[in-house]
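Before any comments, here is the structure.
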Amino acid sequence: MKYFLYFFFLSTYSLFSQNIGSNGVRSDSRINDLFELIKNRVNKNPYTNPKVKGSEYFDDMFKPAKVKYFEKDLIENIFLRYNAYKDEIEFSNNPKTLSSDKILMKNMNISCSIEGENYVYTNYINVNEIRKEGYLIELFLGKKYALYEKRIKVFMEGSEAKTSLERSFDARFVEKSKYYISKNNSEKKEIKINKKSLVDFLDLDVKDKKKIIKQSKLKFKKTSDIIAILNEYDQI
């Protein structure tokens with residue numbers, strides 16, 4: 001029996017022990033699996049033509065980051081950046097690197113924080129009632145309500161002017177954002193940043209609906225306006 005217990009504790013210690021990484025930092029051994037298992041799965045950027053305007057990223061730089069696996073922090077000096085065109089989070093040990101062939105595994109039990117912005121891989125429903133999976137950024141996380149942002153880069157092909165009255169356009173990346181809201185951990189549904197969308201989602205009584213509609217200080221054109229209302233009704 002004592003040999004069995006010794007083997008059990010030895011195995012458990014080995015599984016959760018920390019190792020010295022290539023960067024000389026003590027690291028949780030499990031974090032290696034989150035990246036090494038998907039090495040070389042990222043295709044090289046097909047849009048390397050200098051005439052292409054813009055980028056696949058909202059921020060091209062790799063930034064200091066933290067990774068959580070089953071809500072447990074994994075200790076490692078890592079640098080991540082979000083590829084908004086491919087909906088992938090790229091990984092590097094060096095913040096000055098220009099490209100990477102490693103990405104964070106797409107798993108709903110894995111989340112990360114890049115310079116304070118929390119990215120979660122999750123299900124969501126778009127305005128056409130189509131269910132999708134992808135990365136959302138937490139903008140507000142209350143007791144009842146949560147608001148998320150989906151940052152997107154769309155590639156637009158270039159076009160040549162056919163007549164003197166038309167304009168030529170270079171190939172380019174166009175950026176946009178979509179927003180998703182949930183109540184009591186329900187499904188995340190797309191919402192427009194305006195009063196009507198918010199009032200319809202909150203499903204409040206007539207008195208509270210009128211109160212929001214008559215808000216004079218908030219223009220409901222910014223996410224901060226939506227967050228202000230969510231924060232107020234999250235306490236009720």
Report task. Would you check if ILE110 is closer than 30 Å to LYS51 by Cβ, surrounded by 15 or more Cβ atoms within 10 Å (Cβ to Cβ) and among the aliphatic types (A, V, I, L, M)? Result -> no
Query raised in the report: Mind checking whether some residue in segment 118-141 is in contact with a Cys (Cβ under 7 Å, 6 or more places away or on another chain) and part of a strand (DSSP E or B)?
Result: yes
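Matching residues to (1) of a type in the set (D, E, K, R); (2) touching a strand residue (DSSP E or B) at 6+ places or on another chain (Cβ under 8 Å); (3) within 30 Å of MET156 (Cβ to Cβ); (4) modelled with pLDDT under 80:
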site: ALA171; (1), (2), (3), (4): no, yes, yes, no
site: VAL174; (1), (2), (3), (4): no, yes, yes, no
site: LYS192; (1), (2), (3), (4): yes, yes, yes, no
site: LYS209; (1), (2), (3), (4): yes, no, no, yes
site: ILE213; (1), (2), (3), (4): no, no, no, yes
site: LYS217; (1), (2), (3), (4): yes, no, no, yes
site: GLU232; (1), (2), (3), (4): yes, no, no, no
**Report entry** Matching option when the condition is touching a residue at least 40 places away in the same chain (Cβ under 8 Å) and crowded, with 18+ Cβ neighbours inside 10 Å, among PHE58, PHE91
**Finding:** PHE91
Report summary line: Of those in segment 115-138 that are in contact (Cβ under 8 Å) with a residue 60 or more places away in the chain and under 17 Å from PHE201 (Cα atoms), the residue surrounded by the fewest Cβ atoms within 10 Å (Cβ to Cβ) is VAL127
Query raised in the report: Residues of segment 72-117 being within 11 Å of the chain's Cα centre (by Cα) and at positive phi, which ones?
Result: ASP87
Report summary line: The helices (runs of 4 or more DSSP H) lying entirely within segment 185-236 that contain at least 2 residues which are basic (Lys, Arg) and surrounded by fewer than 16 Cβ atoms within 10 Å (Cβ to Cβ) are 206-213
Query raised in the report: Can you name the residue in segment 169-184 that is within 17 Å of GLU56 (Cα to Cα) and free of Cβ contacts under 8 Å to residues at least 60 places away in the same chain and, of all such residues, is surrounded by the most Cβ atoms within 10 Å (Cβ to Cβ)?
Result: LYS178
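The values are calculated or read from the model by the stated rules, or taken from the named source; none is laboratory data. Note that the coordinates shown come from a computational prediction; the quantities given were computed from them, not determined experimentally. Glycine also receives a Cβ, built like all others from the backbone with ideal geometry; neighbour counts cover every protein chain displayed.
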